[in-house]
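J.: Before I ask anything, let me first share the structure, which is written out below as structure tokens.
The values are calculated or read from the model by the stated rules, or taken from the named source; none is laboratory data. Remember, predicted model here, so these are calculated numbers, not experimental data. A quick note on method: Cβ atoms are made from the backbone with ideal geometry, for glycine too, and the neighbour counts reach across all protein chains shown.
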Amino acid sequence: MARQPSRRRSGEGLTAGLLVGPATAIVLLSLVAPLALLARYSLNQYDRMTFMKEAFTAENYLRFVADPFYAGVLWTTLSIALVTTALCLVIGFPIAYGIARMQSRWKSTAVLLVILPLFIGSTVRALGWIGLLGRGGLVDSMSGLVVPGGGVTLLYTSFAVAIGILSINLPYMILTLQGVIESIDARLEEAADSLGATPGRRFWHVVLPLALPGLATGGILVFILAMNAYATPFLLGGARFQMMAPMLYREYAVNNNWPFAAAIAFILMLTTLSLTAASTLLLQRRYQGA
Amino acid sequence: MSTRPPYLKIEALSKHYGSMAAVDEVSLEVAAGEMVVLLGPSGCGKTTTLRLIAGFVEASAGRILLEGRDYAGLPPYQREMGMVFQSYALFPHMTVAQNISFGLRMRKMPAAQIASRLEEVLALVKLEKMADRYPKQLSGGQQQRVALARALAIRPKLLLLDEPLSNLDANLRQEVAREIRRLQRAAGLTALMVTHDQDEAMAMADRLVVMDRGRVQQVGPQEALYEAPENPFVARFIGHSNLLRGTLRDGCRLRLGEGVEAQLAQRYNLAGDATLALRPERIRLLPPGDPTPARMTLAVEDATYVGAHVEYLLALPGGGSLILHQPTTGLAGAARLAPGSRAGLSWDAGSERIFDASDRALAAAGPAPALASV
Ligand SMILES: Nc1ncnc2c1ncn2[C@@H]1O[C@H](COP(=O)(O)OP(=O)(O)O)[C@@H](O)[C@H]1O
Ligand SMILES: [Mg+2]
């Protein structure tokens with residue numbers, strides 16, 4: 001991207017500062033302070049009697065790294081997040097493209113249909129999936145009809161969790177992509193068309209590169225959401241399926257191990273952040289010219 | 001045109017949006033190597049016509065034949081028509097060279113051939129030094145040339161230009177217009193251009209197509225449109241005409257209103273409502289004492305010296321004004337007619353044009369009887 005020369009005068013900078021000031025204060029108080037506290041907790045020691053003992057130790061982090069169970073949970077979380085993000089991109093793009101290029105009066109209806117699921121909380125939707133995927137649920141009884149006695153229970157599998165997260169995250173992806181695709185001049189596609197590009201090559205050479213920043217934004221958004229998903233893995237994954245957020249909650253509320261819970265929180269956050277940063281850097285390097 | 005079949009033939013092409021006809025039974029024939037310009041006010045369906053030909057919109061009715069082949073149902077990427085968009089539509093993520101060679105790459109042309117074609121086209125539009133720049137690092141005029149080069153590079157069967165000059169500074173337009181014309185001629189390309197700018201159209205076209213409300217109003221070379229407009233719309237749109245409505249009597253007297261009558265130079269086989277079209281520069285202002293009998297006498301409202309001519313506004317019955325351009329050659333020092341004074345007007349037979357009540361041009365039946373001297 002070309003850098004725009006800054007045209008702001010100092011007076012405007014001052015006004016902007018005054019306006020941004022309170023907002024910055026709120027962000028500091030509500031985000032940085034709890035994080036700092038959490039960081040401090042993660043270095044404390046667990047104590048059976050008082051639950052938390054002032055200390056300065058890395059043992060909580062070491063415990064996470066050393067125990068294959070925890071590493072496994074992180075790995076499960078990562079794979080679920082990556083798979084659902086990829087699916088969101090693949091499924092979301094055609095839908096977003098269709099809506100973005102729609103010219104009929106049904107466009108606002110289509111957008112509304114995408115937004116509608118967001119009105120229903122993730123817990124309620126997970127319950128819906130339980131009804132669909134659980135024992136005696138819709139899928140179970142239907143497959144029982146086809147193959148007598150051979151019902152399928154998909155509940156409490158990684159499939160159930162993935163589809164649950166996918167359904168929650170897809171609207172965010174579609175809305176993000178729709179905005180980006182709408183900002184791509186439809187004339188560019190026509191130009192490609194008139195120059196002899198088949199629809200496939202037009203997509204590959206023109207639409208995709210120009211939509212890439214939007215794909216990155218949407219991808220990062222749903223990746224973060226998936227990494228931190230709580231209700232869906234809790235309700236659809238069951239007792240044996242572990243993801244980071246429910247595990248973090250259990251360490252905190254059930255086991256009362258605040259220092260370890262804090263360490264898990266930090267590991268989750270740092271993993272998410274570093275992957276996000278890495279993907280952003282990669283994209284920037286690839287598309288420096290444009 | 002010769003007896004050869006036309007290179008491009010458009011037959012009763014229509015495009016309806018709901019109940020509105022954006023393009024209404026447009027028919028047109030274009031010879032190979034010809035530059036035809038579609039001219040008309042904004043919203044008259046020029047762009048839609050071009051987009052129908054390019055294949056971006058599907059026609060509601062009609063046919064498009066190029067070299068005798070029906071293009072119905074052929075997707076745009078198989079039509080081999082080079083389109084230059086009003087907004088240029090350059091690929092922002094590609095360099096000038098990548099933009100220009102895009103169409104060649106889509107044709108899977110060998111790299112060496114692409115390189116030589118690219119070099120050739122870059123030289124043609126004089127952008128050799130800009131090959132590695134991105135579109136936003138270019139001026140408007142340079143972007144325009146890239147858009148043109150990109151369309152030329154594929155050696156299109158038809159070059160389509162949608163208002164190619166409208167986003168350029170006024171002082172660049174003429175230069176770019178000549179440039180487009182030079183490139184089109186040099187490549188022997190058949191081109192269809194769209195504009196709402198009359199001067200631009202006159203300067204660039206071999207033939208013009210005047211459109212209004214989706215319909216073709218008249219097709220012809222510049223001179224035919226200017227000298228023999230077929231309806232009042234064309235008379236006013238090409239070079240501005242005064243349109244005077246009145247009642248025709250005796251075939252040669254047009255009553256315009258309360259005590260004002262125009263004595264026509266020719267006779268017409270018509271009685272009743274008619275419209276007289278007169279061009280401002282084709283009406284003579286008779287100086288006081290001139291023995292020439294006046295065809296019409298009106299009161300001067302205003303006179304403004306604008307350089308090449310003096311623009312007079314003369315009061316018409318019913319409230320309108322007649323515009324008259326008096327050339328300033330040989331006029332230095334001559335007194336101008338003051339507002340309020342009455343002016344005798346005259347014009348030649350070839351300068352008047354009469355339309356009937358349904359706006360059709362009438363042919364003259366012969367000269368009108370000579371006017372009596374005042
Ligand atoms: N996609 C469309 N849907 C509905 N109406 C359209 C569409 N495209 C063009 N029109 C209408 O068709 C008419 C002609 O448009 P256009 O061809 O762009 O005119 P011009 O290029 O001569 O200014 C206009 O009234 C315009 O509003
Ligand atoms: Mg237009």
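J.: Only one of these is out of contact with any Leu (no Cβ under 6 Å at 6 or more places or on another chain), at pLDDT below 95 and within 14 Å of chain B (Cβ to nearest Cβ): A:PRO213, A:PRO233. Name it.
T.: A:PRO213
J.: From the set of residues in region B:10-26 that are under 21 Å from B:THR190 (Cβ atoms) and surrounded by 14 or more Cβ atoms within 10 Å (Cβ to Cβ), which is farthest from ligand 1 (Cβ to nearest atom)?
T.: Filtering first and then ranking leaves B:GLU11.
J.: Could you list, in sequence order, the residues of region A:138-181 that are under 18 Å from A:GLY128 (Cβ atoms), touching a helix residue (DSSP H, G or I) at 6+ places or on another chain (Cβ under 7 Å) and among the aromatic types (Phe, Trp, Tyr)?
T.: Selection gives A:TYR156 alone.
J.: Separate question: Taking the conditions exactly as written (within 26 Å of B:SER166 (Cα to Cα), in contact (Cβ under 8 Å) with a residue 12 or more places away in the chain, more than 16 Å from ligand 1 (Cβ to nearest atom) and out of contact with any Phe, Trp or Tyr (no Cβ under 6 Å at 6 or more places or on another chain)), does B:GLN222 satisfy them or not?
T.: Yes.
J.: Given the options A:ILE168, A:ILE95, name the one that is under 17 Å from the mean Cα position of the chain (by Cα) and on the phi < 0 side of the Ramachandran plot.
T.: A:ILE168
J.: A follow-up question, please. Just one of B:LEU90, B:LEU38, B:LEU52 is within 16 Å of ligand 2 (Cβ to nearest atom) and either without any contact (Cβ under 8 Å) to a residue 60 or more places away in the chain or within 14 Å of chain A (Cβ to nearest Cβ) (or both); which is it?
T.: None of the other options fit; the residue is B:LEU52.
J.: Can you tell me which of (1) surrounded by 15 or more Cβ atoms within 10 Å (Cβ to Cβ); (2) without any contact (Cβ under 8 Å) to a residue 24 or more places away in the chain; (3) at positive phi is the one B:GLY307 doesn't meet?
T.: The single condition B:GLY307 does not satisfy is (1).
J.: In the set B:THR328, B:THR292, which member is surrounded by fewer than 19 Cβ atoms within 10 Å (Cβ to Cβ) and over 19 Å from B:GLY350 (Cβ atoms)?
T.: Of the residues listed, the single one that is surrounded by fewer than 19 Cβ atoms within 10 Å (Cβ to Cβ) and over 19 Å from B:GLY350 (Cβ atoms) is B:THR328.
J.: Sticking with this structure for a sec: Where in region A:90-161 are the helices (runs of 4 or more DSSP H), entirely inside, with at least 3 residues that are modelled with pLDDT of 90 or more?
T.: A:107-115
J.: Restricting to region B:128-173, what's the tally of residues that are more than 16 Å from ligand 2 (Cβ to nearest atom), of a type in the set (A, V, I, L, M), crowded, with 20+ Cβ neighbours inside 10 Å and not in a helix (DSSP H, G or I)?
T.: Adding up the residues that qualify gives 3.
J.: Does B:SER60 fit the bill of being more than 11 Å from ligand 2 (Cβ to nearest atom) and in contact with a Lys or Arg (Cβ under 6 Å, 6 or more places away or on another chain)?
T.: Yes; evaluated as a whole, the condition is true for this residue.
J.: Scanning for something touching a residue at least 12 places away in the same chain (Cβ under 8 Å), touching a His at 6+ places or on another chain (Cβ under 6 Å) and assigned to a helix (DSSP H, G or I), does region A:176-189 turn up at least one residue?
T.: The answer is no; no qualifying residue exists.
J.: Go through region B:77-87 and count every residue that is facing chain A (nearest Cβ under 8 Å), buried (at least 20 other Cβ atoms within 10 Å of the Cβ) and within 16 Å of ligand 2 (Cβ to nearest atom).
T.: Summing the residues that are facing chain A (nearest Cβ under 8 Å), buried (at least 20 other Cβ atoms within 10 Å of the Cβ) and within 16 Å of ligand 2 (Cβ to nearest atom) in region B:77-87 gives 2.
J.: Filter region A:191-210 for residues that are under 17 Å from B:ARG79 (Cα atoms), surrounded by fewer than 21 Cβ atoms within 10 Å (Cβ to Cβ) and facing chain B (nearest Cβ under 7 Å) and give the result.
T.: A:THR198, A:ARG201
J.: Right, something else. For residues that are among the hydrophobic types (A, V, I, L, M, F, W, C), within 24 Å of B:SER139 (Cα to Cα) and surrounded by 21 or more Cβ atoms within 10 Å (Cβ to Cβ), scanning just region B:178-200, find the one that is farthest from ligand 2 (Cβ to nearest atom).
T.: B:ILE180
J.: Can I ask one more? Would region B:101-113 turn up any residue that is assigned to a loop (DSSP other than H, G, I, E, B) and either in contact with an Asp or Glu (Cβ under 8 Å, 6 or more places away or on another chain) or of a type in the set (Lys, Arg) (or both)?
T.: Scanning region B:101-113, I find at least one residue that is assigned to a loop (DSSP other than H, G, I, E, B) and either in contact with an Asp or Glu (Cβ under 8 Å, 6 or more places away or on another chain) or of a type in the set (Lys, Arg) (or both), so the answer is yes.
J.: Among the listed residues B:LEU165, B:LEU208, B:LEU160, identify the single one that is aliphatic (A, V, I, L, M), within 16 Å of ligand 1 (Cβ to nearest atom), under 30 Å from B:GLU230 (Cβ atoms) and within 14 Å of chain A (Cβ to nearest Cβ).
T.: Of B:LEU165, B:LEU208, B:LEU160, the one residue that is aliphatic (A, V, I, L, M), within 16 Å of ligand 1 (Cβ to nearest atom), under 30 Å from B:GLU230 (Cβ atoms) and within 14 Å of chain A (Cβ to nearest Cβ) is B:LEU160.
J.: OK, next. For the condition at negative phi, away from ligand 1 (no atom under 16 Å from the Cβ) and exposed (fewer than 15 other Cβ atoms within 10 Å of the Cβ), what is the one hit in B:LEU74, B:LEU66?
T.: B:LEU74
J.: Looking at B:ILE114, is it of a type in the set (Val, Ile, Thr), closer than 15 Å to B:PHE85 by Cα and more than 16 Å from ligand 2 (Cβ to nearest atom)?
T.: No, not satisfied.
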